[in-house]
Amino acid sequence: MSGEIVEKLKEASTGLLMMSESDYPFEVVQWKDAAPATQEKILQLTGSQDMPIEIVDLDYLFRNCAFEQEWHNELQKKDVKKFKTLVQTLKDNLSDISVYRVGQINIDAYIIGKTKDGDLAGVVTKLVET
């Protein structure tokens, strides 16, 4: 079951770039038998023990890219549909989803939830915020 989720997430995130001061792709991550997710566990699993970490809401992370804005051009409107698909794929396949922002300026954003099998899975991207 978890392998299927990884494939669905890959399909939903392929070609998408997270918009920040730089644009980064998404990578799918999975950790077997790792649920539940905590800030400490995410830092441990990602080898980021000494980094600052904060949790934000999934919709907050995608507030500028998964919701159509008046100022979007046609290409951005197409991307909004793709981001909506990614968000829906996450919500359909994972429970207890949180976004863990690890680091400062160059931030790793882990969008992680629990699979039915008790694994942790999701996608990670980078955000650059100066």
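Work through the residues other than Leu9 whose Cβ is under 11 Å from its Cβ and net out their charges, Lys, Arg +1 and Asp, Glu -1. Once all neighbours under 11 Å are counted, the net charge is -3.
Add +1 for every Lys or Arg and -1 for every Asp or Glu among the other residues with Cβ under 15 Å from the Cβ of Glu68, and state the total. That sum, taken over residues with Cβ under 15 Å, equals +2.
Using R0 = 30 Å, the C-beta based FRET efficiency linking Thr38 and Lys91 works out to 0.90. Rolling a 1.4 Å probe over the protein chains gives Lys77 an accessible area of about 60 Å².
Of Glu27, Glu70, Glu11, the residue with the greatest mean-square motion in the GNM of the chain, using alpha carbon springs below 10 Å, is Glu70. Distance between the pseudo-spin-label points of Leu75 and Asp57 (7 Å out from Cα toward the beta carbon): 3.1 nm.
Given 0.36 nm per residue, what is the gain on full extension from Asn64 to Glu7 after removing their alpha carbon distance, in nm?
So the chain would gain 18.0 nm between Asn64 and Glu7.
Projected label points at Leu45 and Glu21, each 7 Å from Cα along the beta carbon direction, are separated by 2.9 nanometres. If you run the Gaussian network model on the chain, springs between alpha carbon atoms under 10 Å, then out of Leu45, Leu86, Leu120 the most flexible one is Leu45. Fully extending the segment from Ile105 to Val128, taken as 0.36 nm per residue of separation minus the present Cα-Cα distance, adds 7.7 nm.
For the listed residue pairs Lys32/Lys77; Lys41/Lys78; Lys78/Lys116; Lys8/Lys126, the alpha carbons are over 29 angstrom apart in Lys32/Lys77; Lys41/Lys78; Lys78/Lys116. Placing unit charges on the Cβ atoms of the charged side chains and taking the dipole of the chain about its Cα centre, the candidate lying farthest along the positive direction among Pro52, Met19, His72 is His72.
The values are calculated or read from the model by the stated rules, or taken from the named source; none is laboratory data. Keep in mind that this is a model prediction, so the values were computed, not measured. Because the Cβ atoms are built from the backbone with ideal geometry, glycine has one as well, and the counts that use them run over all protein chains shown. Only protein heavy atoms, including side chains, enter the accessible area calculation; ligands, DNA and RNA are left aside. Shrake-Rupley method; radii C 1.70, N 1.55, O 1.52, S 1.80 Å.
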